[in-house]
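Have a look at the structure below before the remarks.
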Amino acid sequence: MADVYRGAEITLIMLGKSADGEDKCWKGWGERLWTMPEALLSPHLCYKFRDREEVTPLSLLQLANLAYTNHDTEQAIINAYSGKDPLERLERLTLLKSAIWQRRTAALAPGDSGPPQELDMTGEEPVTNGAYKAERVYALMGFFEHRIQPDRFEDNLHALVRLSMANDNDRFVERMVSMLPTTTTKETRWYSDDDIYEAKLWDIVPEIQVAGVTANGALVFDWCRAASIRWKDFPEITFVTTDSFKRTIIGFIPYLSWPIIIIGIGIHVINGVGGITLIVIGIILLIISPRLFIFSQSGRIVNAQPWLIGVKGVISIEEAERHLYGATTKAHFPRMRLTPSGSEFSTPERGTRRGGALKQYEDAKLADSSGPDAGHIYTLIDTCSSTMYYFRAERPPTVCIFAGREGGLGRFVLCSERCQINGLHKESVLRMPTEISEKMELCGWVALG
């Protein structure tokens, strides 16, 4: 149909009876699914009411005022196709998808809300015979360069994946994987119409490639970097701190305690007072050795063994530091920090410091103790960047996948394992430093639902 509209000299829009109300006829026509490609792909438009003889020419801008109600999205599309305000290809296709998904269709994909049945061309009888479940995708397909063969039994998500793979330069689905929608379905979590971080589809640079889709709607993608998340305990972290002459000398002193005691015992036979003095000095050094050793390790951490550690619930920075690096002095350099913009609880600090405000700890603790998310708040600790993240999830994620980049940060998808479907299930998305991906393992095919 898209090629028919493009090749037609004039497209005639047939409306219902004007006696029923012109506005009603136009709104009914504008809400139908296939009328958008009909209007946008046709070189010239005319319209006619059933109870009138005259045929009236129509411009796209006039059509927008008469038939369309979602002004922000549809006005931007009309401006792009009328040449008034051109859009980049990906932005234009994204707006088209959003507009088409809001329209009536004769068959609904699983999980969709229940819009009214699509009306026939005159606006009187509902069309139900021979409807395709993926009508929305097939209507959108007319705006893409490469088409797919319609399948009566596939749903919107399967068809959208096939359309994205056929037009790989747009990489629609790969970009969606990196987004965290405000609302999700239990069946398919990779799909997203919006992003909790307020990023648009064209803002994301994907780092994965979709290779196919399984029967249950899970994506199969290749060339991804992934790492496991440790849950059973806090591992021993190997780390390096900044060099300091003072801390180096103080760190060496505890190793002298036992030699001084042994020397004191040996001298005690010859010189009792001198031997006892050395023994006392050695014992004092032995007693204060833990504090001296702690001070010697209190420098700023410049490198640490990379780990992703998951904790059920909410823990503070102090708790995380104590579990990972042991005891510290009161004046030590901060060893962990909260993310300023990496999770849904993120709140940046005010001022010149780049870090997360402590307010997000209180917010996450409150969400974990009461409300609909109680018991579903988790903490992720990244030792590579020394950053902590609070996030929501239905189940504890065990795998972290590097899926894309946006806004100077990487998009990392946290996934739980579903053994019954032999795949992963998307739980959340965090914005983390991109260099973390260099520490991850390169994987082959991965199924993500």
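Assorted remarks:
- Degrees between helix 257-268 axis and first principal axis of the chain (Cα, 0 to 90, nearest 10): 10
- Dimensions (Å) - segment 234-333, Cα atoms, principal axes, largest first: 61, 28, 22
- Unsatisfied cross-links (Cα-Cα over 31 Å) in the set K24/K200; K200/K439; K97/K359; K84/K133; K246/K312; K24/K426: K24/K200; K97/K359; K84/K133; K246/K312; K24/K426
- Dipole magnitude of segment 322-449 about its Cα centre (Cβ charges: Lys, Arg +1; Asp, Glu -1), debye to nearest 20: 440
- Heavy-atom accessible surface of the chain: percent carbon and sulfur, 1.4 Å: 55
- Solvent exposure of the chain, expressed per residue, is 51 Å² of accessible area, with all protein chains present and a 1.4 angstrom probe.
- About its Cα centre, the dipole of the chain is roughly 1920 debye, where the only charges are +1 on Lys and Arg Cβ and -1 on Asp and Glu Cβ.
- Gain upon complete extension [C46, W223; 0.36 nm per residue less C-alpha separation]: 58.7 nm
- For segment 196-293, the Cβ-based charge dipole about the Cα centre amounts to some 420 debye (Lys, Arg positive; Asp, Glu negative; other atoms uncharged).
- Sparse-neighbour loop sites [GluC sites (Glu not before Pro); segment 197-240; at most 15 other C-beta within 10 Å; DSSP]: E198, E236
- Mean residue ellipticity (222 nm) of the chain, computed from DSSP H runs ≥ 4 via -39,500 (n - 2.57), nearest 500: -9500 deg cm²/dmol
- Note, ³J(HN,Hα) from phi for segment 295-307, Karplus 6.51, -1.76, 1.60, rounded to Hz, x at Gly and Pro: 5, 5, 9, 8, x, 6, 6, 9, 7, 9, 4, x, 9
- Helix axis angle, 71-81 relative to the chain longest principal axis, alpha carbon, degrees: 70
- Here the alpha carbons of the chain define both size measures, Rg and Dmax, at 31.6, 128 Å.
- For the chain, with +1 on Lys and Arg beta carbons and -1 on Asp and Glu, the positive-most of P206, I263, H146 along the dipole: I263
The values are calculated or read from the model by the stated rules, or taken from the named source; none is laboratory data. Everything quoted here is computed from the prediction, not taken from an experiment. Virtual Cβ from ideal backbone geometry, glycine too; neighbours counted across all protein chains shown. The accessibility values were calculated without ligands, DNA or RNA, using every heavy atom of the protein model including side chains. Shrake-Rupley method; radii C 1.70, N 1.55, O 1.52, S 1.80 Å.
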